[in-house]
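Notes follow the structure.
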Amino acid sequence: MGMAGVQENGHGEMGLSDFPLGSKNKYKRMDSEFTDYDGDDDDPSHHHHQLERRKKNTRKYVFGCAVFASLNNVLLGYDVGVMSGAILFIQEDLKITEVQQEVLVGVLSIVSLLGSLAGGRTSDAIGRKWTMGLAAVVFQIGAAVMTVAPSFEVLMVGRILAGVGIGFGVMIAPVYIAEISPTIARGSLTSFPEIFINLGILLGYVSNYAFSGLSAHISWRIMLAVGILPSVFIGVALFIIPESPRWLVLQNRVEEARSVLMKTNENESEVEERLAEIQVAAGTTNTDKDEEKPVWRELLSPSPALRRMLITGIGIQCFQQITGIDATVYYSPAIFKAAGIEDESKLLAATVAVGISKTAFILIAIILIDKVGRKPLLYVSTIGMTTCLFGVGITLILMKEGSISIALAILFVCGNVAFFSVGIGPVCWVLTSEIFPLRVRAQASGLGAVGNRMCSGLVAMSFLSVSRAITVGGTFLIFSVISALSVAFVYKYVPETKGKSLEQIELLFQDEYGFQGGEVQLGDVEHLVQK
């Protein structure tokens, strides 16, 4: 990957459109941009007005694309949230054992990693957009099978299909959004899938609460059936959103890529520079007739820079899950029961409080991620989670059941999910979608998602057994130790990527010293010196 492509556009994506670019100054740039609109070059206020209008339209368009691309994540969230309550009724209706419960809850994550693995290759073959469509169809079939399941075995078949669909969706949405977003807003836009997961979890909790009054045979079926609705909107979305310009360049469909960039870039004059930069990044693939093998070969025996990217990307995805977030969400009723809440509707109400704090705090991450950067949010998040997980453990071990222990348990559990949502929740998806080079991005992000789903499945499937062996409190103390390790991981392996174009981020990982020092100033200095 040549430096030229990046330097050429070092300004382009940083939102610094007021700086001179080569021989063009900002007035000439505005002038050239709006000659199409109006022959009257003497009215700068008119040009300014046109520029503002274009910016507004572009932002709306990119925002819409990010929302539509994130809809699949509502399905994942809904499934996670609704299962925490539905499992109580499934157990009563189908008389399943505790091991079957664990398998039913955990299999979704294990199977979704197959979807994520296949998703990287599928999205390279049929495109990012249609992979999202495939995800929705597979999920819908799975949800329909679960809704009518007469036995545990049929329920498992539906759950496995739903898991594969979710695996596709979770892996592809952040990649698509990162590839279509302007740099200045890429962090917050790529956090959308995480918001939608949280929204889904909250809807799942509300659905539990709403339908819990029905008979055991009917209630869980309605809870699961409601999950089919979001995928209908995804079908509509596919006819509205464009394909990723970076994927189009990989397919040599440069004209189509140009027209998508025209819609997603605020400054028309930067479109050619963006396009040139993407072509440089994609250059290796375009000259290669057999695309698939080199990508896999590269991932299996990576260069030092790619190895650093894989450690960062897969590591942060694994830490996101092994700190126990899914256990907290799936089994929050069990945690509150251990703290002393007896009444079933109070249990579900306390669980809704968890969902609300998880969703509310992600909005803070969205606002801050492109202002303060990825790394400070990760520090706040991992240190806060370590403290809250330790708090949950100590509360459940040392305190007698009673109103104080209930209040503390609810406080610490809500605190844990809030800190998760402020940092590692959304940031881990942002990082894996932006750190990999274009030619391996989809498949490497797929590997990251596989790590995430695998850890999620291990935690979800082992939580009940482990907590019976060493108590629920003991299990949370283990989570707090793992969370403390994640702080060290962030310090050592995660560089700051705020405000850099996807192609510039690739260069951060080439620079071993700047990378290993935990900060990236050296890389920035290199760019300035060469400019």
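Restricting the search to helices (runs of 4 or more DSSP H) fully inside the range 119-194 and requiring at least 3 residues that are at pLDDT below 85 gives 152-180, 183-190. Among the residues examined, ALA444 qualifies as crowded, with 24+ Cβ neighbours inside 10 Å and of a type outside the set (S, T, N, Q). The residues of the range 254-284 that are within 17 Å of THR183 (Cβ to Cβ), touching a residue at least 40 places away in the same chain (Cβ under 8 Å) and not β-branched (Val, Ile, Thr), listed by number, are LYS263, ASN265, GLU266, ASN267, GLU268, SER269, GLU270, GLU273, ARG274, ALA276, GLU277, ALA281.
Return yes when PHE192 is aromatic (Phe, Trp, Tyr) and either within 23 Å of the chain's Cα centre (by Cα) or surrounded by fewer than 19 Cβ atoms within 10 Å (Cβ to Cβ) (or both) and no when it is not. Outline the logic, then answer.
Working: aromatic (Phe, Trp, Tyr): yes; either within 23 Å of the chain's Cα centre (by Cα) or surrounded by fewer than 19 Cβ atoms within 10 Å (Cβ to Cβ) (or both): yes.
Judged against the criteria, PHE192 is a match.
Every residue in the range 250-270 that is within 27 Å of the chain's Cα centre (by Cα), open to solvent by less than 30 Å² (accessible area, probe 1.4 Å) and over 25 Å from ARG121 (Cα atoms), please. Once the filter is applied, which keeps residues that are within 27 Å of the chain's Cα centre (by Cα), open to solvent by less than 30 Å² (accessible area, probe 1.4 Å) and over 25 Å from ARG121 (Cα atoms), the range 250-270 yields THR264, ASN265.
Being touching a Gly at 6+ places or on another chain (Cβ under 6 Å) and over 30 Å from LYS95 (Cβ atoms) holds for only one residue in ILE180, ILE197, ILE241, ILE234, and it is ILE197. Please determine whether any residue of the range 214-231 is surrounded by fewer than 23 Cβ atoms within 10 Å (Cβ to Cβ) and within 18 Å of ALA350 (Cα to Cα). Within the range 214-231 (the criterion being surrounded by fewer than 23 Cβ atoms within 10 Å (Cβ to Cβ) and within 18 Å of ALA350 (Cα to Cα)), the answer is no, since none of the residues qualifies.
Restricting attention to the range 191-232, the residues being without any contact (Cβ under 8 Å) to a residue 40 or more places away in the chain and among the aromatic types (Phe, Trp, Tyr) number 1.
For every residue, the table says whether it meets (1) farther than 29 Å from GLY167 by Cβ; (2) touching a helix residue (DSSP H, G or I) at 6+ places or on another chain (Cβ under 9 Å); (3) assigned to a helix (DSSP H, G or I).
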position	(1), (2), (3)
SER456	no, yes, yes
SER465	no, yes, yes
GLY474	yes, yes, yes
PHE489	no, yes, yes
PRO495	no, yes, no
GLY499	yes, yes, no
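Would a scan of the range 359-381 turn up a residue that is more than 30 Å from ALA185 (Cα to Cα), modelled with pLDDT of 90 or more and aromatic (Phe, Trp, Tyr)? No, the range 359-381 contains no residue that is more than 30 Å from ALA185 (Cα to Cα), modelled with pLDDT of 90 or more and aromatic (Phe, Trp, Tyr).
Let's see how each residue does on (1) in contact with an Asp or Glu (Cβ under 6 Å, 6 or more places away or on another chain); (2) aliphatic (A, V, I, L, M); (3) free of Cβ contacts under 8 Å to residues at least 60 places away in the same chain:
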residue	(1), (2), (3)
LEU347	no, yes, yes
SER357	no, no, no
LEU378	no, yes, no
GLY391	no, no, yes
THR395	no, no, no
GLY402	no, no, no
ALA407	no, yes, yes
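Look at (1) over 28 Å from GLY119 (Cα atoms); (2) in a helix (DSSP H, G or I) and you find that LYS400 fails only one, number (2).
Quick grid of which residues meet (1) within 25 Å of ALA276 (Cα to Cα); (2) surrounded by 15 or more Cβ atoms within 10 Å (Cβ to Cβ); (3) at pLDDT below 80:
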position: ARG29; (1), (2), (3): yes, yes, yes
position: ASP42; (1), (2), (3): no, no, yes
position: HIS46; (1), (2), (3): no, no, yes
position: PHE68; (1), (2), (3): no, yes, no
position: MET83; (1), (2), (3): no, yes, no
position: ALA86; (1), (2), (3): no, yes, no
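Candidates in the range 95-134 are the residues that are open to solvent by 10 Å² or more (accessible area, probe 1.4 Å) and among the hydroxyl-bearing types (Ser, Thr, Tyr); of these, the one that is farthest from VAL466 (Cα to Cα) is THR122. Annotation: of all residues in the range 304-329 being at pLDDT 85 or above, of a type in the set (Val, Ile, Thr) and open to solvent by less than 10 Å² (accessible area, probe 1.4 Å), the one that is nearest to the chain's Cα centre (by Cα) is ILE316. Looking at the range 477-493, can you tell me whether even one residue there is open to solvent by 10 Å² or more (accessible area, probe 1.4 Å), out of contact with any Lys or Arg (no Cβ under 6 Å at 6 or more places or on another chain) and at pLDDT below 80? Taking every residue of the range 477-493 in turn, none turns out to be open to solvent by 10 Å² or more (accessible area, probe 1.4 Å), out of contact with any Lys or Arg (no Cβ under 6 Å at 6 or more places or on another chain) and at pLDDT below 80. Among the residues making up the range 371-396, those that are surrounded by 19 or more Cβ atoms within 10 Å (Cβ to Cβ), aliphatic (A, V, I, L, M) and within 19 Å of the chain's Cα centre (by Cα) are LEU377, LEU378, MET385.
The values are calculated or read from the model by the stated rules, or taken from the named source; none is laboratory data. This is a predicted model, so every value here is computed, not measured. No Cβ is skipped: glycine too gets one built from the backbone with ideal geometry, and neighbour counts run over all protein chains shown. Just the protein is used for accessible areas: all its heavy atoms, side chains included, with ligands, DNA and RNA removed. Shrake-Rupley method; radii C 1.70, N 1.55, O 1.52, S 1.80 Å.
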